[in-house]
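These notes concern the structure reproduced below.
The values are calculated or read from the model by the stated rules, or taken from the named source; none is laboratory data. Small disclaimer: the values here were computed from a predicted structure and weren't measured. Cβ: placed from backbone, ideal geometry, glycine included. Neighbour counts: every protein chain shown. These accessible areas exclude ligands, DNA and RNA; they are computed on the full protein's heavy atoms, side chains included. Shrake-Rupley method; radii C 1.70, N 1.55, O 1.52, S 1.80 Å.
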Amino acid sequence: MTDRLTSDTFGIDRAATLLREGALVAMPTETVYGLGADARNSDAVANIYAAKGRPSFNPLIVHVSDIEMARRFVVWSDTAQTLADAFWPGALTLVLPLKPDHGISSLVTAGLTTLAVRMPDHPVALAVLSRAGIPIAAPSANLSGRISPTTANHVLNGLDGKIAAVLDNGPCPVGVESTIVGLIETPTLLRPGGVAQEDLETVLKHPVEAPEPDTITAPGQLASHYAPTAQVRLNAAQAEDHEVMLGFGEIGGDLNLSETGDLIEAASNLFDHLHKLDETQKPIAVAPIPNTGLGQAINDRLKRAAAPKNG
Ligand code: TXA
Ligand code: MG
């Protein structure tokens, strides 16, 4: 029912055409697979919420082909330019004030006066964006509340039959979603992700405000987001008899995020390993992960995976 498109010229053309026609297409980005729709088309965007079963108060990130396209929709600033120069294309989403007559569907912004924009660092996503020539709203291409997809198979496991197509380009290199920075007042870290807070601070030359670990800041960041079906126990030294173990570094397990303790490798393995361990239908014990660099994003996603599920 859902077409699996090869990410060659034909597949990219087909994806661009489908998106322009208002259909839903999942596509690879460097972070995770996104579920794309024309951000100006409210019917198309409504279908994203329907396909994901996502609560409609959660605003979406708009993907752009370049800074030019972003500037059609948001009030650009010097800080935005500095961060885009350093990190675009890449795993950094900027939240900026919407321009008047922006043309973006209010289902994308969930009625906010700000917009989240990102230029992805992935040849297939960039080719689709420039071919289609439209802003593409794309949340992660998973059912709401489930683990984010880093392969086309993960996408089809949740969304087969509910979307027109998925562009298959193998695994996503970064493996966790983009870092979200609010540029409405002073730069604020709204979600840790694929760009480390330390790297943002180096470029900005000052500390970035980060939310308290236990507050939910980005609207719609439900505590139990990214949850596997199974229970998750964090900071485990070893598995108990009934558990499977997700290891890191010297603390081994059924699967290891990175035997050498490399946080970049760990991020890129995170969701795929969680998907695999979840299939055992046993509770998952997870080794401690240092909270530096990409460890901050990994711990954020793990904490959400471990949070009690409230529907
Ligand atoms: O890496 C990524 O960012 C992936 C790929 C597909 O690009 N996309 C992604 O989108 O993670 P999604 O929809 O799963 O996450 C969007 C997040 C939400 O937590 C939402 O709260 C936040 O972005 N967000 C969107 N618009 C916002 C706004 N105007 N102000 C604050 N947060 C916003
Ligand atoms: Mg998501």
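Out of all the residues in the stretch 142-154, is one or more within 10 Å of ligand 1 (Cβ to nearest atom), of a type in the set (Gly, Ala, Ser) and in contact (Cβ under 8 Å) with a residue 24 or more places away in the chain? So far as the stretch 142-154 goes, yes, one or more of its residues are within 10 Å of ligand 1 (Cβ to nearest atom), of a type in the set (Gly, Ala, Ser) and in contact (Cβ under 8 Å) with a residue 24 or more places away in the chain.
Take the conditions (1) open to solvent by less than 10 Å² (accessible area, probe 1.4 Å); (2) away from ligand 1 (no atom under 11 Å from the Cβ); (3) out of contact with any strand residue (DSSP E or B) (no Cβ under 8 Å at 6 or more places or on another chain); Ile134 misses just one of them, which is (3). With the requirement that a residue be in contact with a Lys or Arg (Cβ under 9 Å, 6 or more places away or on another chain) and open to solvent by less than 10 Å² (accessible area, probe 1.4 Å), what does the stretch 81-90 give you? The one that is in contact with a Lys or Arg (Cβ under 9 Å, 6 or more places away or on another chain) and open to solvent by less than 10 Å² (accessible area, probe 1.4 Å): Gly90. Selection of the stretch 149-179 for residues being over 17 Å from the mean Cα position of the chain (by Cα) and open to solvent by less than 20 Å² (accessible area, probe 1.4 Å) yields Ile163, Ala165.
Find the residue count for the stretch 47-72, including only residues that are in a loop (DSSP other than H, G, I, E, B), buried (at least 23 other Cβ atoms within 10 Å of the Cβ) and either touching a Leu at 6+ places or on another chain (Cβ under 7 Å) or of a type in the set (Val, Ile, Thr) (or both).
Taking the stretch 47-72 first, the residues in a loop (DSSP other than H, G, I, E, B) are 53-60, 64-66, 72.
From what's left, buried (at least 23 other Cβ atoms within 10 Å of the Cβ): 60, 64.
Narrowing the set further to residues that are either touching a Leu at 6+ places or on another chain (Cβ under 7 Å) or of a type in the set (Val, Ile, Thr) (or both) leaves 64.
Residues in the stretch 47-72 being in a loop (DSSP other than H, G, I, E, B), buried (at least 23 other Cβ atoms within 10 Å of the Cβ) and either touching a Leu at 6+ places or on another chain (Cβ under 7 Å) or of a type in the set (Val, Ile, Thr) (or both): 1 in total.
If you filter the stretch 1-46 down to residues that are among the hydroxyl-bearing types (Ser, Thr, Tyr) and assigned to a loop (DSSP other than H, G, I, E, B), you find that the one that is surrounded by the most Cβ atoms within 10 Å (Cβ to Cβ) is Thr31. Checking each residue in the stretch 128-161 for being in contact with an Asp or Glu (Cβ under 9 Å, 6 or more places away or on another chain), small (Gly, Ala, Ser) and more than 29 Å from Lys303 (Cα to Cα) picks out Ser130, Ala132.
Of the listed requirements (1) of a type in the set (Val, Ile, Thr); (2) at pLDDT 95 or above; (3) open to solvent by less than 60 Å² (accessible area, probe 1.4 Å), Val208 misses just one: (2).
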